[in-house]
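*Asks:* My questions will all concern the structure given below.
Quick note: the coordinates plus some simple rules give every number you see, no bench work behind them. Just so we're clear, the structure is a prediction, and the values are computed from it rather than from any experiment. Glycine gets a Cβ as well: all are built from the backbone with ideal geometry, and neighbour counts include every protein chain shown.
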Amino acid sequence: MLKFAVRRLLLLVPILLGLSILVFLFVRALPGGPETALLGERSTPERAAAVRAAYGLDRPVYEQYGSYMGKVVQGDFGVSIQTQQPVSDEIKRRFPATVELASAAILFAVVVGIPLGFVAGRRPGSWVDNTSTVGSLLGIAIPVFALGFLLKYVFAVRLGWLPGTGRQDVTITTEHPTGFYVLDGILTGDLPAAWDALKHLVLPAIALGTIPLAIITRITRAAVQEVSNEDFVRTAEAKGMTKQVVTRRHILRNAMLPVATIIGLQTGLLLSGAILTETVFAFGGMGSFMAAAVFTRDFPVIQGGILFLAVVFVLVNLLVDLSYGIIDPRVRTS
Amino acid sequence: MTAPVAHRESVPGHLLVGTPLLKVRDLTVTFASRGRRPVRAVDGIDLDVAAGSTVGIVGESGSGKSVTSLAAMGLLGKRGVTVTGSVEFDGEDLLNMPEDELRSVRGREIAMIFQDPMSSLNPVLTVGRQITEILERHKGLKGQAAKDRAAELLASVGIGDSVRRLRSFPHQLSGGMRQRVMIAMALACEPRLLIADEPTTALDVTISAQILELLRVLVKDTGTALILITHDLGVVAGLCDQVHVMYSGRIVESAPRRPLFAEPQHPYTTGLLASVPRLDQPRGLPLLPIPGSPSDTLPWAQGCAFSPRCTRRVDACVGHPPVIGPAPSRVPGHLVRCVNPVPYDVEEPTP
Ligand SMILES: Nc1ncnc2c1ncn2[C@@H]1O[C@H](COP(=O)(O)OP(=O)(O)OP(=O)(O)O)[C@@H](O)[C@H]1O
Ligand SMILES: [Mg+2]
């Protein structure tokens, strides 16, 4: 198990190396550079050239890459061109928001998707099954930002039930020891603040969680159907186990194996969905930060952000694979 | 589709005095799925199992052996399955029993063992858990008491180091061990009837012999009645009191073990016997598979289902369904469904 984890972590090295080269070339292939955003209307060719020189962008690409990576291995991701703050500080400040949003989204997807997929799989052709099939197809087909705008318009703008922007009401000032606002509210004993942060999470989490919800529902349904036909389920029936034990202990536990994998993959993919969701709901996390960095051609931020997210993606999947060993003894003992 | 049920008068009630433990009458199972013709997998089976006796059901793949036992246990599910006839266990009608009641009969009064011990055990639960859950359910044993009993059961089926084995997962055991675990599970509540559906098909020859011997000893010691389903007459030879040979959903020959092996009268039975290597047979007799495959069949309503493959076919085989009746040998309890049975006093080398 440990050997497996170490091997996976070592695999990170070539992945990050390749990815860093791609990102490095990609940002430089974009039309324009950081000078366009910095100078705006005041731009003249001379000023632009001066800015480019100041950030070392006039040097050959391999030279730039070499000195960048030299700093990265020392943990220095450079300084944001826009904010003049170290990229690592910016990430540290915003990452908790994204984690909070992604966790809420995946929680929503799991808590709704598994029971729904389970019922659909046990009763194929029932109204629950048919409704969830149509719902899943819609959920996968609708773009994240479109759903985000729709939810915001209906529930925030028209009905006014929930807040549609930000992470916390501006009138609330409270300490943020962890950066996870809901948790912060609870830790500092400021429960109204926690409740307010939670309400701010609802709409973005639904928008972001809908695709994972649809996929988890489908996978659970398929897995439950498949496992229901397994011989060991027939054995459990032949043993006279109650219906509840047959479904929970024998069917559901085995059906969770493929579902766990898909939850891991979806958690990784959430990071990309978060960019759009955070932008729609002005949720100040990594996603909206990265999106802004692309518009302003803030090269160090784009590079550092993507490398950081890649590491997170690999770690999340490693965690999922390790958790797989907990539910499947065949993985654990081989 | 249904033929006149003339054969029903000649139920094999012969051997039995009093009520049998299991009494199956005219059991018929039809599978229907959308867009396909309904399949009648079991077509009017009559079967009696006396308490403590061992009954064999033999037939090629697809003859309906498993479906018969699953239908009797109510394990076929409901969608697209029609089960008619009656199945009485100890005088109680299993087919019309309320679900909850049936669940408490299964595993406690009637237990089952299946063909593939790997896929029949839950891969994510320990062997111990899979045994204790049945003790918990039917015997109210919990915690350490259940574990102790489970270890005893494992020991009784010949698994050494049984306390430690409780913590093993199925994939950590060999095929033979897994089947022993299945047997321990089946016997956990001292059932009165055990149905073993091809318990040794997935195992190699030596292991298979050990498992059969274990079954034989256990059912003898506990007085459990056994229905042994197999496609191998060799397996039946050592164990069964009464043997039923099935073909295409019907019983074509029923006999006590001795007459079945000594004087088989249905050409299908002789075909099966000729395809099994036997020690008591004169040497030089070639091993002959039955020609054709079970798919070369005739619907029973149109005549004998075996006739397309039969070497003794006569005109009377086709046209109307053959009736099951006392065999020409007049051995009590020997029934055959054939219009041109194999002469019983002549050594009949299969042509
Ligand atoms: N769920 C089902 N739906 C449709 N047909 C089925 C179903 N289950 C079984 N059958 C059919 O019923 C027939 C009898 O099957 P059964 O499993 O009882 O055969 P068997 O005698 O046990 O054979 P084997 O030796 O292969 O186990 C087969 O032709 C099979 O195709
Ligand atoms: Mg079978």
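*Asks:* Are any of the residues in region B:66-73 closer than 26 Å to A:LYS243 by Cα, within 16 Å of ligand 2 (Cβ to nearest atom), in contact with an Asp or Glu (Cβ under 7 Å, 6 or more places away or on another chain) and without any contact (Cβ under 8 Å) to a residue 60 or more places away in the chain? Full working, then the answer.
*Replies:* Narrowing region B:66-73 to residues closer than 26 Å to A:LYS243 by Cα: B:66-73.
Subset that is within 16 Å of ligand 2 (Cβ to nearest atom): B:66-73.
Filter once more, so that each one left must be in contact with an Asp or Glu (Cβ under 7 Å, 6 or more places away or on another chain): B:66, B:69.
Now restrict to residues that are without any contact (Cβ under 8 Å) to a residue 60 or more places away in the chain: none.
No, region B:66-73 contains no residue that is closer than 26 Å to A:LYS243 by Cα, within 16 Å of ligand 2 (Cβ to nearest atom), in contact with an Asp or Glu (Cβ under 7 Å, 6 or more places away or on another chain) and without any contact (Cβ under 8 Å) to a residue 60 or more places away in the chain.
*Asks:* Okay, next question. Quick one: in region B:74-131, which of the residues that are of a type in the set (S, T, N, Q) and closer than 15 Å to A:ALA236 by Cβ is farthest from ligand 2 (Cβ to nearest atom)?
*Replies:* Taking region B:74-131 first, the residues of a type in the set (S, T, N, Q) are B:82, B:84, B:86, B:96, B:104, B:115, B:119-120, B:122, B:126, B:130.
Filter again for closer than 15 Å to A:ALA236 by Cβ, leaving B:104, B:119-120, B:122, B:126, B:130.
Numbers: B:SER104: 26, B:SER119: 13, B:SER120: 12, B:ASN122: 20, B:THR126: 28, B:GLN130: 22 Å.
Among them, the one singled out is B:THR126.
*Asks:* What helices (runs of 4 or more DSSP H) lie completely within region A:146-241 and have 2 or more residues being touching a residue at least 12 places away in the same chain (Cβ under 8 Å), among the small types (Gly, Ala, Ser) and surrounded by fewer than 21 Cβ atoms within 10 Å (Cβ to Cβ)?
*Replies:* Working: elements: A:181-187, A:191-228, A:231-238.
Filter on region A:146-241 gives A:191-228.
*Asks:* If you don't mind, another one. A:PRO258 versus (1) within 26 Å of the chain's Cα centre (by Cα); (2) crowded, with 19+ Cβ neighbours inside 10 Å; (3) within 14 Å of chain B (Cβ to nearest Cβ): which is the lone unmet condition?
*Replies:* Answer for A:PRO258: the failing condition is (2).
*Asks:* With in contact with a helix residue (DSSP H, G or I) (Cβ under 8 Å, 6 or more places away or on another chain), buried (at least 18 other Cβ atoms within 10 Å of the Cβ), free of Cβ contacts under 8 Å to residues at least 24 places away in the same chain and within 8 Å of chain A (Cβ to nearest Cβ) as the only criterion, which of B:ARG108, B:ARG103 stands out?
*Replies:* Testing whether each residue is in contact with a helix residue (DSSP H, G or I) (Cβ under 8 Å, 6 or more places away or on another chain), buried (at least 18 other Cβ atoms within 10 Å of the Cβ), free of Cβ contacts under 8 Å to residues at least 24 places away in the same chain and within 8 Å of chain A (Cβ to nearest Cβ) leaves just B:ARG103.
*Asks:* Tell me which helices (runs of 4 or more DSSP H) are completely within region A:45-135 and hold 1 or more residues being under 30 Å from A:PRO258 (Cβ atoms), or say none if there are none. Break it down stepwise before answering.
*Replies:* Numbers: elements: A:45-54, A:61-72, A:87-122.
Correct list: A:87-122.
*Asks:* Now a separate question. Looking only at region A:284-333, how many residues end up being touching a Gly at 6+ places or on another chain (Cβ under 6 Å) and either closer than 18 Å to A:PRO86 by Cβ or charged (D, E, K, R) (or both)? Reasoning before the result, please.
*Replies:* Here is the first cut: in region A:284-333, the residues touching a Gly at 6+ places or on another chain (Cβ under 6 Å) are A:290, A:297, A:300, A:313, A:316-317, A:320, A:331-332.
Filter again for either closer than 18 Å to A:PRO86 by Cβ or charged (D, E, K, R) (or both), leaving A:290, A:297, A:300, A:332.
Final tally of qualifying residues: 4.
*Asks:* Does region B:126-150 hold any residues that are closer than 24 Å to B:THR200 by Cβ and at the interface with chain A (Cβ under 10 Å from one of its Cβ atoms), and which are they?
*Replies:* Residues satisfying the conditions are B:GLN130, B:ILE131, B:ILE134.
*Asks:* Follow-up question, since we're still on this one. Looking at A:SER288, A:SER323, A:SER272 in this structure, which one is buried (at least 16 other Cβ atoms within 10 Å of the Cβ) and not in a loop (DSSP other than H, G, I, E, B)? Outline the logic, then answer.
*Replies:* On the way: A:SER323 fails: buried (at least 16 other Cβ atoms within 10 Å of the Cβ); A:SER272 fails: buried (at least 16 other Cβ atoms within 10 Å of the Cβ).
So the residue among A:SER288, A:SER323, A:SER272 that is buried (at least 16 other Cβ atoms within 10 Å of the Cβ) and not in a loop (DSSP other than H, G, I, E, B) is A:SER288.
*Asks:* Which residue is farthest from ligand 1 (Cβ to nearest atom), if the candidates are limited to region B:71-89 and must be closer than 26 Å to B:PRO256 by Cβ and within 14 Å of chain A (Cβ to nearest Cβ)? Let's see the steps before the verdict.
*Replies:* We begin by selecting, within region B:71-89, every residue closer than 26 Å to B:PRO256 by Cβ; these are B:71-73, B:85-89.
From what's left, within 14 Å of chain A (Cβ to nearest Cβ): B:71-73, B:89.
Numbers: B:ALA71: 9, B:ALA72: 12, B:MET73: 13, B:PHE89: 20 Å.
Among them, the one singled out is B:PHE89.
*Asks:* Then there's this: So the check is Cβ under 7 Å with 6+ separation or different chains; which pairs have a first residue in region A:68-94 that's hydrophobic (A, V, I, L, M, F, W, C) and a second one that's outside any helix (DSSP H, G or I)?
*Replies:* A:VAL79/A:GLN85; A:VAL79/A:PRO86; A:ILE81/A:TYR55; A:ILE81/A:ASP298; A:VAL87/A:PHE77; A:VAL87/A:GLY78; A:VAL87/A:VAL79; A:VAL87/A:SER80
*Asks:* Hey, does region B:50-64 have a residue that's in a loop (DSSP other than H, G, I, E, B), within 13 Å of another protein chain (Cβ to nearest Cβ), touching a helix residue (DSSP H, G or I) at 6+ places or on another chain (Cβ under 6 Å) and within 16 Å of ligand 1 (Cβ to nearest atom)?
*Replies:* no
*Asks:* Being within 14 Å of another protein chain (Cβ to nearest Cβ), out of contact with any helix residue (DSSP H, G or I) (no Cβ under 8 Å at 6 or more places or on another chain) and within 16 Å of ligand 2 (Cβ to nearest atom): is that true of B:VAL39 here? Let's see the steps before the verdict.
*Replies:* On the way: within 14 Å of another protein chain (Cβ to nearest Cβ): no; out of contact with any helix residue (DSSP H, G or I) (no Cβ under 8 Å at 6 or more places or on another chain): yes; within 16 Å of ligand 2 (Cβ to nearest atom): yes.
No, not satisfied.
*Asks:* When region B:213-241 is examined, which residues are found to be β-branched (Val, Ile, Thr) and within 16 Å of ligand 2 (Cβ to nearest atom)? Talk me through it step by step, then tell me what you get.
*Replies:* Looking only at region B:213-241, we keep the residues that are β-branched (Val, Ile, Thr), and these are B:217, B:219, B:222, B:224, B:227, B:229-230, B:235-236.
Matches in region B:213-241: B:ILE227, B:ILE229, B:THR230, B:VAL235, B:VAL236.
*Asks:* Of the numbered conditions (1) closer than 30 Å to B:LEU335 by Cα; (2) crowded, with 19+ Cβ neighbours inside 10 Å; (3) polar (S, T, N, Q), B:ASN122 satisfies every one except a single condition; which is it?
*Replies:* With respect to (1) closer than 30 Å to B:LEU335 by Cα; (2) crowded, with 19+ Cβ neighbours inside 10 Å; (3) polar (S, T, N, Q), B:ASN122 is out only on (1).
*Asks:* Ok, one more. Evaluate the following for B:GLY44: is it surrounded by fewer than 21 Cβ atoms within 10 Å (Cβ to Cβ) and more than 10 Å from ligand 1 (Cβ to nearest atom)? Break it down into steps so the answer makes sense when it comes.
*Replies:* Working: surrounded by fewer than 21 Cβ atoms within 10 Å (Cβ to Cβ): no; more than 10 Å from ligand 1 (Cβ to nearest atom): yes.
In short, no.
*Asks:* Going by what's in this entry, would A:ASP129 be described as in contact with a helix residue (DSSP H, G or I) (Cβ under 7 Å, 6 or more places away or on another chain) and free of Cβ contacts under 8 Å to residues at least 12 places away in the same chain? Steps first, please.
*Replies:* Working: in contact with a helix residue (DSSP H, G or I) (Cβ under 7 Å, 6 or more places away or on another chain): yes; free of Cβ contacts under 8 Å to residues at least 12 places away in the same chain: no.
Criteria not met by A:ASP129.
*Asks:* When you scan region B:195-228, how many residues do you find that are in a strand (DSSP E or B), touching a helix residue (DSSP H, G or I) at 6+ places or on another chain (Cβ under 6 Å) and either away from ligand 1 (no atom under 13 Å from the Cβ) or more than 21 Å from B:ARG108 (Cβ to Cβ) (or both)? Let's see the steps before the verdict.
*Replies:* Initial filter on region B:195-228 (in a strand (DSSP E or B)): B:195-197, B:225-228.
Next cut, touching a helix residue (DSSP H, G or I) at 6+ places or on another chain (Cβ under 6 Å) only: B:195, B:197, B:226.
Filter once more, keeping what is either away from ligand 1 (no atom under 13 Å from the Cβ) or more than 21 Å from B:ARG108 (Cβ to Cβ) (or both): B:226.
Looking only at that region, the number is 1.
*Asks:* In this structure, does B:VAL29 turn out to be more than 14 Å from chain A (Cβ to nearest Cβ) and over 13 Å from the mean Cα position of the chain (by Cα)? Steps first, please.
*Replies:* Details: more than 14 Å from chain A (Cβ to nearest Cβ): yes; over 13 Å from the mean Cα position of the chain (by Cα): yes.
Considered against the rule, which asks whether it is more than 14 Å from chain A (Cβ to nearest Cβ) and over 13 Å from the mean Cα position of the chain (by Cα), B:VAL29 comes out as yes.
*Asks:* A further question on this structure: Based on this model, can you work out whether A:ARG253 counts as in contact (Cβ under 8 Å) with a residue 40 or more places away in the chain and facing chain B (nearest Cβ under 8 Å)? Walk me through how you get there before you give the answer.
*Replies:* Details: in contact (Cβ under 8 Å) with a residue 40 or more places away in the chain: yes; facing chain B (nearest Cβ under 8 Å): yes.
Against the criterion (in contact (Cβ under 8 Å) with a residue 40 or more places away in the chain and facing chain B (nearest Cβ under 8 Å)), A:ARG253 qualifies.
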